[in-house]
Amino acid sequence: MKTLAIAAQSLDGYISPAAETSTMTWVSAEDKAFFRQFTRECGVVVMGRKTYDTIRKPLPDRLNIVMTCDPLKCESIPGVIEFTSSTPFEILKNLETRKFEKVAVIGGSGVYTSFAKENLIDELYLTIEPILFGRGIPMFQDLPTPPTLKLLEQRKLGTSSVLLHYKIATNPPQSPFDKGEAATPSLVKGRAGEGFVVSLPPNL
C-alpha cells in the first residue's frame, strides 16, 4: 500500500496563512480538479480535525479518516467518515487490512509531520500556487531527520501553478506490517471492514 501526501503551497512556502483558512479559498481551479480526481482514485483520505473543520463535511466518494485527540465527541459513519485517535502506523495497518492500495494524506501540518516522523510517506504531490502569504503554516515542522526527495515529475497546472511529484528516497517498508512490533493500538478495532470503533485515550 502506498501513502501519498498531497498539498498546495504558496510561493513563499506555506500551506495556509492561518489554521482556520480553507485551502479551497486560494488554490487554483486546476489544483482543485487535480485534488478531486487524485483523492477519488485513492479511495481514502486522512486528515486532521482542524482540516476537517475547514471542509465541514465528508468528501464524497472517498472514505474520510479524521485524526483527533477525542473521537468519542465525534460521530463516525463507518465507510464514510471515521474519527480516530490512532497513530499513523495504526491507521495504515487498519486500512491495509481493508484492502486499500493507496492512501492520500491531505493535511494539515500536524498530520503531515506525524506521518513523516514515522517515515510513512512514499510520495509527495505538491502544487505551488502563485500567491505570497508573508507568514503562515508550513507543511512540515521540526522533522528530526529531513527526508531525501527525488523529483519524478513536474507539470504546469493552468496558467501559473506548478505540480511537483516527488518520491521519498528514504522509503518506509511497503506494508506497515513489515515494520515489526508497533505500540499497542489506542483504538478498539471492529471486525474486518467495520473500520474504527471507539477509543480508549489518545494520540493526535
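The values are calculated or read from the model by the stated rules, or taken from the named source; none is laboratory data. Keep in mind that what you see is a predicted model, and the values were worked out from it rather than measured. Glycine gets a Cβ as well: all are built from the backbone with ideal geometry, and neighbour counts include every protein chain shown.
Overview of values
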| item | result |
| --- | --- |
| Residue in region 29-37 that is modelled with pLDDT of 95 or more, closer than 20 Å to Phe140 by Cβ and within 15 Å of the chain's Cα centre (by Cα) present | yes |
| Total residues in region 60-107, condition over 22 Å from Leu124 (Cα atoms), in contact (Cβ under 8 Å) with a residue 40 or more places away in the chain, of a type in the set (Asp, Glu) and assigned to a loop (DSSP other than H, G, I, E, B) | 1 |
| Which listed residue is among the basic types (Lys, Arg), surrounded by fewer than 20 Cβ atoms within 10 Å (Cβ to Cβ) and touching a strand residue (DSSP E or B) at 6+ places or on another chain (Cβ under 7 Å), from Arg62, Arg40, Arg36 | Arg62 |
| Top-ranked residue in region 108-142 [being in contact with a helix residue (DSSP H, G or I) (Cβ under 6 Å, 6 or more places away or on another chain), hydrophobic (A, V, I, L, M, F, W, C) and part of a loop (DSSP other than H, G, I, E, B); ranked as nearest to Arg40 (Cα to Cα)] | Ile121 |
| Residue check for Thr54: over 18 Å from Met1 (Cα atoms), touching a Ser or Thr at 6+ places or on another chain (Cβ under 6 Å), of a type in the set (Val, Ile, Thr) and in a helix (DSSP H, G or I) | yes |
| Filter pass, Thr21 being touching a residue at least 12 places away in the same chain (Cβ under 8 Å) and under 20 Å from Lys93 (Cα atoms) | no |
| Members of region 68-125 found to be modelled with pLDDT of 95 or more, of a type in the set (Asp, Glu) and more than 15 Å from Ile168 (Cα to Cα), listed by number | Glu82, Glu90, Glu96, Glu101 |
| Single unsatisfied condition, Lys2 versus (1) in contact with a Lys or Arg (Cβ under 8 Å, 6 or more places away or on another chain); (2) free of Cβ contacts under 8 Å to residues at least 40 places away in the same chain; (3) among the basic types (Lys, Arg) | (2) |
